[in-house]
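A quick write-up on the structure given underneath.
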Amino acid sequence: MSTNGQIKVDRPKLAYTLRECADMLSCSVDLVRSMIFRKKIVAVRLSSRVLRIPATEIDRLLTGRKGPV
């Protein structure tokens, strides 16, 4: 139980930062940005400066499936 009295539930993340994506793919953040620009990775823009990679996209990249989900 957390300090504010609510129960903490561990849920899988729905989206990851570019750094987290790069770490999982063992590549650089610059390569992830390049792949997003070339439409090889699907990304969601949350604001003018913030991008997130959906967890389904990470799964696709790690399993080697073709094309955006």
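Ranking 24, 53, 9 by Cα position along the charge dipole of the chain, where only Lys, Arg, Asp and Glu carry charges on their C-beta atoms, puts 53 farthest toward the positive end. Treating only the Cβ atoms of Lys and Arg (+1) and Asp and Glu (-1) as charged, compute the dipole magnitude of the chain about its Cα centre; round to the nearest 20 debye. Charge dipole of the chain: 320 debye, to the nearest 20.
For the chain, the equivalent ellipsoid derived from the alpha-carbon gyration tensor has semi-axes of 27, 14, 11 Å in decreasing order.
No lab work stands behind these numbers, since they all come straight from the coordinates. This is a predicted model, so every value here is computed, not measured. For neighbour counting, all protein chains shown are included, and Cβ atoms are generated from backbone atoms with ideal geometry for every residue, glycine included.
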